[in-house]
1. All but one of (1) modelled with pLDDT of 85 or more; (2) on the phi > 0 side of the Ramachandran plot hold for G339, so report the exception by its number.
2. With a cut-off of at least 1 residues that are of a type in the set (D, E) and modelled with pLDDT under 90, name the helices (runs of 4 or more DSSP H) lying wholly within segment 135-248.
3. From the list I305, I332, I317, exactly one residue is more than 40 Å from the chain's Cα centre (by Cα), at pLDDT below 80 and assigned by TED's automatic domain parsing to the domain that holds P388. Which is it?
4. For the list (1) modelled with pLDDT under 90; (2) under 25 Å from K62 (Cβ atoms); (3) outside any loop (DSSP other than H, G, I, E, B); (4) touching a strand residue (DSSP E or B) at 6+ places or on another chain (Cβ under 9 Å), I need the number of the one condition that V295 fails.
5. Please determine, by comparing only the residues of segment 385-407 that are without any contact (Cβ under 8 Å) to a residue 40 or more places away in the chain and part of a helix (DSSP H, G or I), which one is nearest to F349 (Cα to Cα).
6. Taking T281, is it at pLDDT below 70 and either under 29 Å from the mean Cα position of the chain (by Cα) or not aliphatic (A, V, I, L, M) (or both)?
7. Mind listing whichever residues of segment 64-88 are at pLDDT below 80 and surrounded by 15 or more Cβ atoms within 10 Å (Cβ to Cβ)?
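The values are calculated or read from the model by the stated rules, or taken from the named source; none is laboratory data. Only a predicted model underlies this, so the values are computations on that prediction, with no experimental measurement involved. Backbone-built Cβ (ideal geometry, glycine too); neighbour counts: all protein chains shown.
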Amino acid sequence: MNPSQLIVKEVLHRKVGVMSTLVALVVSVAVIVSARTITVSARDEISDQMHTLGANMIILPKSTSLSGYYTADFGGEVLPERYVHMLTSSELGEEIHHVIPKLSSPYSVQGERLILTGVLPKKEHRGRPKWRSSGSKLFMADKEGKERDPEEMNGKGKHQHQMTPEAPNLSLQAKKKNKARASLENIEKGEVFLGHESARLLGKAGGDNLRIGSHDFRIVKVLEEIGSVDDLRVFIHLHQAQGILGKGRVINAIELIGCGCKQDMALLAVNIQKLLPGVKTQTITQIARTQAGTVRLMERFTFVILLVVLLVGWGLISNTMASNVLERRREIGVLMAIGASSRFIFLTFIKKAAVLGLLGGLIGFLAGTMAAKWIGPRLLELEIDPRPEMLVWTLLITMALTVIFSWLPSHRATKSDPASLFMEE
């Protein structure tokens, strides 16, 4: 009889004992997985709400002033579009949640002097976009890449530049509805988004056609009035804007939104200037500090929660696996008395521990994910996204720990004298 056959016979003979061990494993893993899933989703949600504060760093041509950026007066200064790829593909890209390349210039549309702004869709440049801003207009993206803007998030017609009391209390239904919104960040060629004043001056509405230069566009949406220069903007795809303006593959601003906070913002700004020649960075200090502090606080909270859960959960697993071996000491004595080798008995316990770890990890992961999906919307008003990337690590860690926790008691038991094992109560 090989170890696998012996394990099967034990499972069939000691169903209650095996099931109790498996349940302990499933509960421990489920608690850890659900806690991790909820805390990660909560951190992402807090990060999304925090992002309504706006861009925390802007990359501009050296000779462009901050006032020029806000008034779309760049004085003809531009940056190569390739800077976007250089930034997002570098190590510094890990520090940034979102990169928004733009090209803005005054332009006459049907006789009206407006601001033509080209935006590069996030699917056409690398990075980890979460949300974006256009001047003082913010567009927040959900995890599927769809955007949500604060007008819908806070239930008001006017844009708010800061987090409002209503924003954190969004219903899940409203969040799902926002995911289906037309997205400026996902703008396609041939589409145009009009600022409120631009639409009024042109006499246009959503769904109308608009000719810009020699190109025809379809108006996807007229943006809400926000009382800034953005009301005069005409947003189109960056590459079409470059063609209309005759600028070539250039941009004149890169907005950086959301710091990973692995390094100081001032150091990040210096490193960006070293990476991209001929640029200057403008950090919005108050926003950057608030974002960095909030992210650090959430990371510390998550670490404490997971540490407590891990200690309790794996303590339970350790005790369960050790007890399982100790309860079989008399059986170990019988096997040794009839000629079974210590190696055979040891491998039997280790294989059994690995199988229990695999089953416990798999069932625990599924149970923990379902528990998080149930708890999130009902108790926390939080939309939970499953974390499939955790499955492999959950299985590997659970199997490794069950084997480790069974190793020492199994080794000790197989080194004991069979006669002494028979004498134990």
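1. With respect to (1) modelled with pLDDT of 85 or more; (2) on the phi > 0 side of the Ramachandran plot, G339 is out only on (1).
2. The qualifying helices (runs of 4 or more DSSP H) are 150-153.
3. I332
4. Here V295 meets the rest and fails (2).
5. Among those that are without any contact (Cβ under 8 Å) to a residue 40 or more places away in the chain and part of a helix (DSSP H, G or I), it is I404.
6. no
7. Once the filter is applied, which keeps residues that are at pLDDT below 80 and surrounded by 15 or more Cβ atoms within 10 Å (Cβ to Cβ), segment 64-88 yields G68, Y69, A72, D73, F74.
Quick grid of which residues meet (1) buried (at least 22 other Cβ atoms within 10 Å of the Cβ); (2) touching a strand residue (DSSP E or B) at 6+ places or on another chain (Cβ under 8 Å); (3) modelled with pLDDT of 75 or more:
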| position | (1), (2), (3) |
| --- | --- |
| V23 | no, no, yes |
| S28 | yes, no, yes |
| V33 | yes, no, yes |
| S41 | no, no, yes |
| M50 | no, no, no |
| G54 | no, yes, no |
| I59 | yes, yes, yes |
